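The values are calculated or read from the model by the stated rules, or taken from the named source; none is laboratory data. From a predicted model like this one, the values you see are computed outputs, not experimental measurements. Quick reminder, even Gly has a Cβ in these numbers, built from the backbone with ideal geometry, and neighbours come from all protein chains shown.
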Amino acid sequence: MIRGLLWLLAGALLGGIVHLITVLVLPRTATQDAFSRLMPISPVNAVTAVPAPSPQNAVMPFMDPAFATAVCRYDLSNGPLKLTAPVSAAYTSVSFYSRWGVAYYAINDRAAGRRLIELDLMTQAQRSQLPDDEEVTAADRLIVESPTPTGLIVLRALAPEPGQMAMARTALASARCQPQSP
């Protein structure tokens, strides 16, 4: 009886270890992650509209057909980026993901409190090079630090009714994700 319980415990422990290793390694070994699927349709450091999902085809996983979606595939190796995204009439959100799909920051129109979501995206090294004067560190300047030099910014605008999808897409079309001027 005890020997059987020990074998059961050893099997459960080994299964837990294999499961944990698989969960941690899988994102690094997946070849068709969202970043890879968006490479052919989105240039670096530019906002690109994502095609609407269909039952047979969705560029990114878990896409909601009630949202217009756009992405900016960013590369911070040449310097920080400036993101500006006007908010739509219903709801707008901006989410930041590392190259490996880890979400590290998100903001929506309610949290921004304005008609425009505006922020600076940079690495920790680039942030440390900013001068310490009051203009740069003003409370209304939002600075987001990226854990990796490459990644994705996903912009979503809600269309509460199907007839409002054109307005949501128009709002995302005027979003900008471009390198900051010195």
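Tally up the residues in region 96-118 that are modelled with pLDDT of 90 or more and surrounded by 16 or more Cβ atoms within 10 Å (Cβ to Cβ), please.
Looking only at that region, the number is 4.
On the given criteria, is SER128 small (Gly, Ala, Ser) and more than 15 Å from the chain's Cα centre (by Cα)?
Against the criterion (small (Gly, Ala, Ser) and more than 15 Å from the chain's Cα centre (by Cα)), SER128 qualifies.
Within region 60-90, can you find the residues that are outside any strand (DSSP E or B) and either in contact with a helix residue (DSSP H, G or I) (Cβ under 8 Å, 6 or more places away or on another chain) or closer than 17 Å to VAL44 by Cα (or both)?
Answer for region 60-90, where residues must be outside any strand (DSSP E or B) and either in contact with a helix residue (DSSP H, G or I) (Cβ under 8 Å, 6 or more places away or on another chain) or closer than 17 Å to VAL44 by Cα (or both): MET60, PRO61, LEU76, SER77, ASN78, GLY79, PRO80, VAL87, SER88, ALA89, ALA90.
Report the residue count in region 1-50 for those that are over 30 Å from VAL154 (Cα atoms) and either touching a residue at least 24 places away in the same chain (Cβ under 8 Å) or assigned to a helix (DSSP H, G or I) (or both).
17
Please pick out the residue among LEU83, LEU5 that is outside the structural domain of PHE96 (by TED's automatic domain parsing) and either hydrophobic (A, V, I, L, M, F, W, C) or modelled with pLDDT under 85 (or both).
Just a single option satisfies the conditions, and that option is LEU5.
Go through region 91-118 and give me each residue that's among the basic types (Lys, Arg) and either in contact with a strand residue (DSSP E or B) (Cβ under 6 Å, 6 or more places away or on another chain) or assigned to a helix (DSSP H, G or I) (or both).
Within region 91-118, ARG99, ARG110 qualify.
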